[in-house]
Amino acid sequence: MPALGEIATALDLELRGDPARLIDALAPLEKASSETLTFVSEKRHLSKLSQTQAGAVILHPDWVEQWSGCALLSEAPYVAYAKATQLFDNHPGATGLVHERAMVSEKAQLGHDVTIDAGACIEENVSLGDRVWIGAGAFVGQGALIGDDTVIKPGAVICHAVKIGARCTIHPNATIGADGFGFAPDQDGWVKIQQLASVDIGNDVEVGANSTVDRGALEDTVIEDGVIIDNLVQVGHGVHIGTRTAIAAQVGISGGTQIGARCSIAGQAGLAGHLTIADDVHIGGQGRVASSVTEAGHYSSGTPVQPLRAWLRSASRFTQLDKIVRRLVALEKAAGVEQGGDQDA
Amino acid sequence: MPALGEIATALDLELRGDPARLIDALAPLEKASSETLTFVSEKRHLSKLSQTQAGAVILHPDWVEQWSGCALLSEAPYVAYAKATQLFDNHPGATGLVHERAMVSEKAQLGHDVTIDAGACIEENVSLGDRVWIGAGAFVGQGALIGDDTVIKPGAVICHAVKIGARCTIHPNATIGADGFGFAPDQDGWVKIQQLASVDIGNDVEVGANSTVDRGALEDTVIEDGVIIDNLVQVGHGVHIGTRTAIAAQVGISGGTQIGARCSIAGQAGLAGHLTIADDVHIGGQGRVASSVTEAGHYSSGTPVQPLRAWLRSASRFTQLDKIVRRLVALEKAAGVEQGGDQDA
Amino acid sequence: MPALGEIATALDLELRGDPARLIDALAPLEKASSETLTFVSEKRHLSKLSQTQAGAVILHPDWVEQWSGCALLSEAPYVAYAKATQLFDNHPGATGLVHERAMVSEKAQLGHDVTIDAGACIEENVSLGDRVWIGAGAFVGQGALIGDDTVIKPGAVICHAVKIGARCTIHPNATIGADGFGFAPDQDGWVKIQQLASVDIGNDVEVGANSTVDRGALEDTVIEDGVIIDNLVQVGHGVHIGTRTAIAAQVGISGGTQIGARCSIAGQAGLAGHLTIADDVHIGGQGRVASSVTEAGHYSSGTPVQPLRAWLRSASRFTQLDKIVRRLVALEKAAGVEQGGDQDA
């Protein structure tokens, strides 16, 4: 249980109040007790400060008047909160040991202080950097390269020749480097296109649980430094994702699509193949991206939920839209009203 | 091969016909033979009774005139059918043994008659209730608690400190308790928000194959008693799902969203984060839920499939809808027609 | 490094140019060097030939005038390219050995030259055909039948009694034969419908990484010969997929739906339950298929991405469509304009 002053020092934040106050946990504003630290990251939550029992609050210096208790002042309170969670991290640590029930090829190269848990399988010519941690039952195929401090969680499968940089986390049951979906149609059925290239993941990347990143056919699938990918995401073969882009759960990115830097793709959005998405593009949830996006900005598609009967009417009218517009045009002609220059509508 | 009378007794149903008739399987109406039991759960299927060869039929007492053969009468024929499937269950049973190739920490606590299959890994301070069954290659992380009679299927990953109640089934390759998707944007990239809380699953819950339920950042992700979750579902961190709610395949629920009791969410629907969904809400397939739903009822979104060319016209018109309405307003003005009080359209 | 003449022979293609030219890899047109073979499969890419450095090109005989270098001529250049990738395949091969850390029941039947890698678990009464390869940590449950030359990749789970034909590939972390999502609603909650049937997969089928194919309740889930399924796909219980149909990533097919032969279902499309989809039907990405499709052809649904503000207006108008049409009808009446026979719009 650290003292507030220690936390301020560790996070390099200005402290207002008693440095000796003991803090035993982080908590949300609504549930904070006198032994917990909380935070306000957005102005609209400031009103909740009057209700909180928190022992201390991380907040912006501009907002300090609104709170009379102990405070840690940060120009970026959400980042400060993120760093505070790291001080209170309670995940089990690595043992630094290769478990006797791990299967490690004699031809694998292991760095210092590598942890390999029970049931993991490390094939020949694999190279694991220093402090790499391979979880229970995970698989690392022939010739794969894993950088320093990267963690491969239980059940994840890293296929042959995949490259993963330093400080990455591949979450449980993710699959990196399975074959891309490539087949040529022949009279007798589909002919498999062997996927000859691999996956190249940079540093500081997270890939969520049960996500899949396919290996390329002729060119590697590339994920640049600092990209974060949530659960159940599909990254097709030959996709390129630029640095710091964030991909939410269940997004699908079809083969060959190139995504810029600092983009965000919200949950369940789908991108067709061979598109180019510019830097700083933000796609809304379930977005249906069927063509390239060349300008930064926010984009969305889809329709809002409605009560069922109302929706049935809307959906039915949607299928008649072209007829509806033609009726409008007929009326405009009859009325002698100009169409305002929108000739195609 | 039980006799029909035994089935009637086991299901506590009234039997009409020969109790000695032998039944060797359940079958759908269309394929039933004289040795099989079938059922009619909806009135609209009654007409098929004239064609069936079934040895016996589960049906509602009101419908008994429509069928002259052996019958098991139930006020809830579909429930009776469900219970009948349990009499004919053919899944392999648990051995009650800890396999010599399972890896079980000496610091794990095991109840009576626990089964742990080959390659499973049970870490320290795990507690397994009576008759728990951990499948081959499954992982149960430090400090996880698993209640009586719960089954963790092969390849499933239960992360540290996750709590799962009694009589649950976690299907193969599901991941419970991986990190929620929490990062704060800093100048130098994303700062990881350590996910300090866990997952708390009640009794009688099913989680489908390859589904993911993330651990919370500051508060547990909670799944209440009797919830059923299909395959490839994403449950974000801090989500709360009320009792008996049913979640179909590939649904995504973003972080912090609270779902009431007895809801149903159809396949591929997506819920944005930090929403509140009332009890008894039913969301249609691919529903796009971007704001809270405060009233019980059925809701839907999206558009129906059309032949490609027709759809291209509808989709194009959709993007022009605002212009189209403005043209309508101009016409209305020109014609001197009132807008019927709908001022915003 | 084969000579071009050897490649021509292996692929049974006409060669124009030097048969002794050495080829060390396949490459895309834009990146091909003088030691690499490339291909042109569509007319619109012919213009890139003037830029390529390729040592040889696979192309259609009709296009041969457009390229003065070495060429392999094929009526189906994309299929020829696919077959060429197989010549250059660099995937690790099977060892033909049962690893000492595999767990194989004494009651399992193994064909010739079977490979079972470390940590895999083969239960009793399993039958593995000749040259079957079970990857590390994969699971094959009681009574499952796996045909000759089929590969089950690491982490895949094949549940009890599942049948898989010859020459199939089940990619990592896929789950075949988990319980279908069947429950009957009772006063006290959901009653489990035991899934008594299984999964029956034909020959030459691929199932992608982390995909799920559920076992049937009373009738098998059936996937016919030559079907290809991408990653993270959900195939519900009792679904039937006809021969050579292609299913892209994250598609969901609800229980009982019957899909014809030679269909293609693009990414993230969703099919409701108990539908019938004819042969040669093609569904676009995110297609929302809520009713049966009886005619071959291309179908689509959804709306295109727009810049956020424009989309908000379109989406809002969508919910008002029925009112909008009623206003149009009122105007038509006022103007005395006929509706052109479309009485319901």
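The values are calculated or read from the model by the stated rules, or taken from the named source; none is laboratory data. Nothing here was measured: the structure is a model prediction, and the numbers come from that model. As a convention, Cβ positions derive from the backbone with ideal geometry for all residues, glycine included, and neighbour counts pool all protein chains shown.
Scanning segment A:192-206 for residues that are within 7 Å of chain C (Cβ to nearest Cβ) and either more than 29 Å from residue A:129 (Cα to Cα) or not hydrophobic (A, V, I, L, M, F, W, C) (or both) yields A:192, A:193, A:194.
Here residue B:327 does not qualify as free of Cβ contacts under 8 Å to residues at least 24 places away in the same chain and either assigned by TED's automatic domain parsing to the domain that holds residue B:243 or exposed (fewer than 14 other Cβ atoms within 10 Å of the Cβ) (or both).
Residues that are closer than 30 Å to residue B:143 by Cα: list the strands (runs of 3 or more DSSP E) wholly contained in segment A:1-91 that include at least 3 such residues.
On the way: elements: A:14-16, A:36-39, A:56-59, A:70-73.
In segment A:1-91, A:36-39 are the strands (runs of 3 or more DSSP E) which contain 3 or more residues that are closer than 30 Å to residue B:143 by Cα.
Just to be sure before I move on: is residue A:272 aliphatic (A, V, I, L, M) and surrounded by fewer than 24 Cβ atoms within 10 Å (Cβ to Cβ) in the structure I sent? It is true that residue A:272 is aliphatic (A, V, I, L, M) and surrounded by fewer than 24 Cβ atoms within 10 Å (Cβ to Cβ).
So which residues in segment A:74-92 are touching a residue at least 24 places away in the same chain (Cβ under 8 Å), out of contact with any Phe, Trp or Tyr (no Cβ under 9 Å at 6 or more places or on another chain) and among the polar types (S, T, N, Q), if there are any at all? Residue satisfying the conditions is A:85 alone.
Among B:286, B:250, which is under 20 Å from residue C:273 (Cα atoms), touching a Lys or Arg at 6+ places or on another chain (Cβ under 6 Å) and buried (at least 24 other Cβ atoms within 10 Å of the Cβ)? Break it down stepwise before answering.
On the way: B:250 fails: touching a Lys or Arg at 6+ places or on another chain (Cβ under 6 Å).
Step by step, each of B:286, B:250 is checked, and only B:286 is under 20 Å from residue C:273 (Cα atoms), touching a Lys or Arg at 6+ places or on another chain (Cβ under 6 Å) and buried (at least 24 other Cβ atoms within 10 Å of the Cβ).
Among the residues making up segment A:106-143, those that are under 25 Å from the mean Cα position of the chain (by Cα), more than 24 Å from residue B:102 (Cβ to Cβ) and crowded, with 23+ Cβ neighbours inside 10 Å are A:128, A:132, A:141.
Identify all residues within segment B:190-213 that are under 13 Å from residue B:249 (Cα atoms) and of a type outside the set (Gly, Ala, Ser); write none if there are none.
Here is the first cut: in segment B:190-213, the ones under 13 Å from residue B:249 (Cα atoms) are B:206-212.
Passing the criteria: B:206, B:207, B:210, B:212.
In segment A:151-191, of all residues being more than 10 Å from chain C (Cβ to nearest Cβ) and among the aliphatic types (A, V, I, L, M), the one that is surrounded by the fewest Cβ atoms within 10 Å (Cβ to Cβ) corresponds to A:166. Could you list, in sequence order, the residues of segment B:216-253 that are within 20 Å of residue A:251 (Cα to Cα) and part of a strand (DSSP E or B)? Once the filter is applied, which keeps residues that are within 20 Å of residue A:251 (Cα to Cα) and part of a strand (DSSP E or B), segment B:216-253 yields B:229, B:234, B:235, B:247, B:252, B:253.
Picking from residues in segment A:87-128 that are of a type in the set (S, T, N, Q) and away from chain B (no Cβ under 14 Å), the one that is farthest from residue A:165 (Cα to Cα) is A:105. Annotation note: of A:278, A:290, the sole residue that is in contact with a Pro (Cβ under 7 Å, 6 or more places away or on another chain), farther than 22 Å from residue B:233 by Cα and assigned by TED's automatic domain parsing to the domain that holds residue A:220 is A:290.
This table checks each residue for (1) out of contact with any Phe, Trp or Tyr (no Cβ under 8 Å at 6 or more places or on another chain); (2) at the interface with chain B (Cβ under 8 Å from one of its Cβ atoms).
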residue: C:242; (1), (2): yes, no
residue: C:245; (1), (2): yes, no
residue: C:274; (1), (2): yes, no
residue: C:292; (1), (2): yes, no
residue: C:307; (1), (2): no, no
residue: C:327; (1), (2): yes, yes
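Every listed requirement among (1) in the same structural domain as residue A:194 (by TED's automatic domain parsing); (2) surrounded by 18 or more Cβ atoms within 10 Å (Cβ to Cβ) is met by residue A:295 save one, (2).
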